[in-house]
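Okay, structure first, notes after.
The values are calculated or read from the model by the stated rules, or taken from the named source; none is laboratory data. Keep in mind that this is a model prediction, so the values were computed, not measured. Because the Cβ atoms are built from the backbone with ideal geometry, glycine has one as well, and the counts that use them run over all protein chains shown.
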Amino acid sequence: MENNTYNGYSNRATWNLILWIIKDESAYIHFRDLYHRIGGDVIEDRTKQVEQTSREWFGSTTPDDDALDDVNWIEATETLDENYEEIIAEILA
């Protein structure tokens with residue numbers, strides 16, 4: 001069986017995007033604020049906003065030249081959901 005994962009993510013582009021969002025202070029704050037605005041319990045709504053905001057923030061590639069077209073957006077959103085779990089819980093309360 002072939003393992004096509006990258007550092008626990010489905011591909012390098014997804015891993016690299018999450019790395020930049022979580023490790024870059026400005027991006028982290030920007031996406032945290034995004035979660036305050038979008039909240040909600042529908043992952044598709046969050047995914048759409050995460051993709052749109054990522055493309056606005058980074059352009060067509062991450063700073064390491066990984067194409068955003070290659071990102072697994074559901075997986076990226078699920079990871080951000082875990083990181084911003086307290087925000088989602090607060091909004092849904």
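Scanning region 3-23 for residues that are exposed (fewer than 15 other Cβ atoms within 10 Å of the Cβ) and either within 13 Å of the chain's Cα centre (by Cα) or within 13 Å of L68 (Cα to Cα) (or both) turns up I22, K23.
Hey, does region 36-52 have a residue that's at pLDDT 90 or above, hydrophobic (A, V, I, L, M, F, W, C), in a helix (DSSP H, G or I) and within 14 Å of W15 (Cβ to Cβ)? For region 36-52, residues at pLDDT 90 or above, hydrophobic (A, V, I, L, M, F, W, C), in a helix (DSSP H, G or I) and within 14 Å of W15 (Cβ to Cβ): absent. When the criteria are applied in full, E56 fails the requirement of being part of a helix (DSSP H, G or I), charged (D, E, K, R) and touching a residue at least 60 places away in the same chain (Cβ under 8 Å).
Table: residues versus (1) in contact with a Gly (Cβ under 6 Å, 6 or more places away or on another chain); (2) among the hydroxyl-bearing types (S, T, Y); (3) touching a residue at least 60 places away in the same chain (Cβ under 8 Å).
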site: T5; (1), (2), (3): no, yes, no
site: G8; (1), (2), (3): no, no, no
site: N11; (1), (2), (3): no, no, yes
site: T14; (1), (2), (3): no, yes, yes
site: I18; (1), (2), (3): no, no, yes
site: S26; (1), (2), (3): no, yes, no
site: Y35; (1), (2), (3): no, yes, no
site: E44; (1), (2), (3): no, no, no
site: E51; (1), (2), (3): no, no, no
